[in-house]
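A short write-up of the structure that comes next.
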Amino acid sequence: MNHTTTPRGGRQGASAAAPGGGLHVLVVEDEPSTRADLVEMLTELPEIGEVSAAESGEAAVRLLGGGTFDAVFLDISMPGLDGMDVARVVSMLSAPPTIVFVTASESHAIEAFGIGAVDYLLKPVRPERLSESVARIARRGRGGASSPVADELAVVQIEHSRRTVFVRRDDIQYAEAHGDYVRLHTAEDTHLIRLSLSYLEEVWAPAGFVRVHRGYLVAVGWVHDLRVTSSAGLVACTPAGDVPVSRRHARGLKEQLIDAARSGMLGRAAR
């Protein structure tokens, strides 16, 4: 059997109309017990109207070609067409559903967000994380997100083995490349996330983050002055610490600071 469809509040079986116009979502997962768990958890959420399930990438593509879905909860490691392959098919649809990856590994996070996924859930999926992800999808469907990728990263979710830490972008004063990760610096703490600094530079530029060094981004609103030191040369000073500024980026940063001062944004984040 390639797929099942479950109306909210009903049992798994034939397709049924979604009561109340709730979200129609597709679960794509080759492991039967995980697929069943996701379907069960989703059907219990108030935003969900109907849940369909596919046991392979090929089955998912057939369903996507013959129906309309609001979101796809997509495993990555599957035989045949894997989750990334299915996501690329989704991106070519005239009305593509929202993509949420569900996987046991953190190693695909950069590629996943690059494809346009709005969330990245680690197995075993906790009900509260799934609920938060569905609530986000529902808000997007009501027009609550004008710029999906940038808005989703307004709050960064950092997964640990037994907990999830939520860090507001507005609290992040600078970001530092750290191997395959980026270290995010706030006034109180630092957090590691598996994303590239270049990707954060792209999606956070509208929020005032600028590249100041090969390995650093800084939030202009948190910079209170520039200083020349004997050890690091030019640095941008933030409450969370000093950020090195390379020669090639110095002029651009100064222009950004002048623009921020003219518009009243300079130092706003620190107040």
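The values are calculated or read from the model by the stated rules, or taken from the named source; none is laboratory data. Being a predicted model, the structure only gives us computed values, none of them experimental. With ideal geometry, Cβ positions are generated from the backbone for all residues, glycine too; neighbour counts draw on all protein chains shown. We work out accessible area using only protein heavy atoms, side chains counted, and drop any ligands, DNA or RNA first. Shrake-Rupley method; radii C 1.70, N 1.55, O 1.52, S 1.80 Å.
In the stretch 175-195, is there at least one residue being among the aromatic types (Phe, Trp, Tyr) and in contact (Cβ under 8 Å) with a residue 24 or more places away in the chain? No, the stretch 175-195 contains no residue that is among the aromatic types (Phe, Trp, Tyr) and in contact (Cβ under 8 Å) with a residue 24 or more places away in the chain. Here is the figure for the stretch 176-198: residues that are closer than 23 Å to Ala260 by Cα and surrounded by 14 or more Cβ atoms within 10 Å (Cβ to Cβ) total 5.
All of (1) in a strand (DSSP E or B); (2) modelled with pLDDT under 90 hold for Arg162 with one exception: (1). Does Val235 qualify as being touching a helix residue (DSSP H, G or I) at 6+ places or on another chain (Cβ under 7 Å), assigned to a strand (DSSP E or B), farther than 30 Å from Pro127 by Cβ and among the β-branched types (Val, Ile, Thr)? Criteria not met by Val235.
I'm checking my understanding of the structure. Among residues of the stretch 165-206 that are part of a loop (DSSP other than H, G, I, E, B) and under 14 Å from the mean Cα position of the chain (by Cα), which one is farthest from Ala236 (Cα to Cα)? Out of the qualifying residues, it is Arg194. Just one of the numbered conditions (1) touching a residue at least 12 places away in the same chain (Cβ under 8 Å); (2) farther than 30 Å from Ile193 by Cα is not true of Gly65: (1).
Scanning for something touching a residue at least 60 places away in the same chain (Cβ under 8 Å), open to solvent by 30 Å² or more (accessible area, probe 1.4 Å) and closer than 26 Å to Ser105 by Cβ, does the stretch 256-271 turn up at least one residue? Checking the stretch 256-271: not a single residue is touching a residue at least 60 places away in the same chain (Cβ under 8 Å), open to solvent by 30 Å² or more (accessible area, probe 1.4 Å) and closer than 26 Å to Ser105 by Cβ.
Answer yes if at least one residue in the stretch 110-133 is modelled with pLDDT of 90 or more, of a type in the set (A, V, I, L, M) and under 23 Å from Ser77 (Cα atoms), and no otherwise. Yes - at least one qualifying residue is present in the stretch 110-133.
Scanning the stretch 45-69 for residues that are at pLDDT below 95, in a loop (DSSP other than H, G, I, E, B) and open to solvent by 50 Å² or more (accessible area, probe 1.4 Å) yields Pro46, Glu47, Thr68. Is it the case that Gln173 is surrounded by 17 or more Cβ atoms within 10 Å (Cβ to Cβ) and modelled with pLDDT under 90? Against the criterion (surrounded by 17 or more Cβ atoms within 10 Å (Cβ to Cβ) and modelled with pLDDT under 90), Gln173 does not qualify. For the condition open to solvent by 60 Å² or more (accessible area, probe 1.4 Å), within 17 Å of the chain's Cα centre (by Cα) and at pLDDT below 85, Glu106 qualifies. Is it the case that some residue within the stretch 203-223 is in contact (Cβ under 8 Å) with a residue 40 or more places away in the chain, open to solvent by less than 30 Å² (accessible area, probe 1.4 Å) and on the phi > 0 side of the Ramachandran plot? Scanning the stretch 203-223 turns up at least one residue that is in contact (Cβ under 8 Å) with a residue 40 or more places away in the chain, open to solvent by less than 30 Å² (accessible area, probe 1.4 Å) and on the phi > 0 side of the Ramachandran plot. All of Val39, Val28, Val86 fail the test of being touching a Leu at 6+ places or on another chain (Cβ under 8 Å), modelled with pLDDT of 95 or more and surrounded by 14 or more Cβ atoms within 10 Å (Cβ to Cβ), apart from Val28.
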